[in-house]
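Shown next, in structure tokens, is the structure this report addresses.
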Amino acid sequence: MQKLKQIFNRILYLPPYQKTDRPILAAIIGNDKTLIIDAGNSSSHAKLFLNQLEERNIKGDWLVLTHWHWDHIFGMSEMQVPIISHYKTRNKIKELQDLSWEDKYLDQRVKEGTEIPFCADAIKEELGDKRDIFLPDPDLTFETQMEVNLGELTCVIIHVGGDHSHDTSIIYIPEEKALFLGDCLYANLYAKKWNYTIENTLRLIDRIEKYDADIFFLSHHQDPLTKKEFSSFLHLLKNTAFLTKKYEGDQEAIVREMSKSLQRRLNEVEIETISYFVNGFS
């Protein structure tokens, strides 16, 4: 069972769980109010988080969604607080409200290419046979950016998009120098070949680097990244984008030059990142 962790005095988070694709859930605690980040991938996931908050006498006042993907929204009905999202996130949620999540419908959408096999398997694993999923409409939406004052603590919610999901928002807490990135720096999974595109990746990185942060939360990384670790991750993305353009998507040439530059064989993450950029280039 995942256990709540604390960063500084005012940030609590529940780590992700890879087997059923549970992302990080977080609570940002001001003097007056608490903002919850993402709703979890099921009622069980949401309840696990809320129960552990309750043990610390913490209750959420608002919920913000980073994007529309199932693993970030299926626990919404358990939160019982006003929901904030980008307007594109709300529009996607409204589309999902009409869908059934039973096996035969999930399997059909996988065949049609509108659902990802990995997600369908994770939904079955996480929810079992009980799939009465209620997805309420978000209460507050925005277009570019909005701020939530929690009492001596500010959460700035910014729409950034990206390859992973066009509706993605990030949450910046300037007083704590913390940045919650959701899934925005992950590849596009809703494609025949999972991919990054050069233009979207570089544009997104340029926006993210403008925020003065010391700690970075990516929704499916086990723990937050330090500034040094995050800079290394961004360098991998930027360098791979540069080499993909230089070699016009020639994977062997990209691997050869990166390996020569690093003076070692590439690791699994580096190889995977290259393949995603090659997929996006071709």
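The values are calculated or read from the model by the stated rules, or taken from the named source; none is laboratory data. What you see is a predicted model, and the numbers here were worked out from it, not measured in a lab. Heads up, the Cβs are rebuilt from the backbone with ideal geometry, glycines too, and the neighbour counts pull from every protein chain shown.
Here's a check for you: in region 162-205, which residue that is in contact with a Gly (Cβ under 9 Å, 6 or more places away or on another chain), of a type in the set (A, V, I, L, M) and assigned to a loop (DSSP other than H, G, I, E, B) is surrounded by the most Cβ atoms within 10 Å (Cβ to Cβ)? Restricting to residues being in contact with a Gly (Cβ under 9 Å, 6 or more places away or on another chain), of a type in the set (A, V, I, L, M) and assigned to a loop (DSSP other than H, G, I, E, B), the top hit is Leu185.
The lone criterion from (1) in contact with a Leu (Cβ under 7 Å, 6 or more places away or on another chain); (2) in a loop (DSSP other than H, G, I, E, B) left unmet by Asp223 is number (1). Restricting attention to region 219-237, the residues that are crowded, with 17+ Cβ neighbours inside 10 Å and touching a residue at least 60 places away in the same chain (Cβ under 8 Å) add up to 3. Against the definition (hydrophobic (A, V, I, L, M, F, W, C) and either closer than 18 Å to Thr154 by Cβ or in contact (Cβ under 8 Å) with a residue 40 or more places away in the chain (or both)), how does Leu185 come out, yes or no? So Leu185 passes the test.
Yes or no, residue by residue, for (1) on the phi > 0 side of the Ramachandran plot; (2) over 22 Å from the mean Cα position of the chain (by Cα); (3) without any contact (Cβ under 8 Å) to a residue 60 or more places away in the chain:
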position	(1), (2), (3)
Lys47	no, no, yes
Arg56	no, yes, yes
Val81	no, no, yes
Ser85	no, no, no
Ile93	no, no, yes
Ser100	no, yes, yes
Gln108	no, yes, yes
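Checked against the criterion of being assigned to a helix (DSSP H, G or I), among the acidic types (Asp, Glu) and closer than 23 Å to Pro16 by Cα, the candidates Glu270, Glu252 yield just one match: Glu270. List the residue pairs whose Cβ atoms are under 6 Å apart, where the first residue sits in region 239-257 and is closer than 14 Å to Glu270 by Cβ and among the small types (Gly, Ala, Ser), the second is modelled with pLDDT of 95 or more and part of a helix (DSSP H, G or I), and the two are 6 or more positions apart or on different chains. From region 239-257, the pairs are Ala241/Ile198; Ala241/Thr201; Ala241/Leu202.
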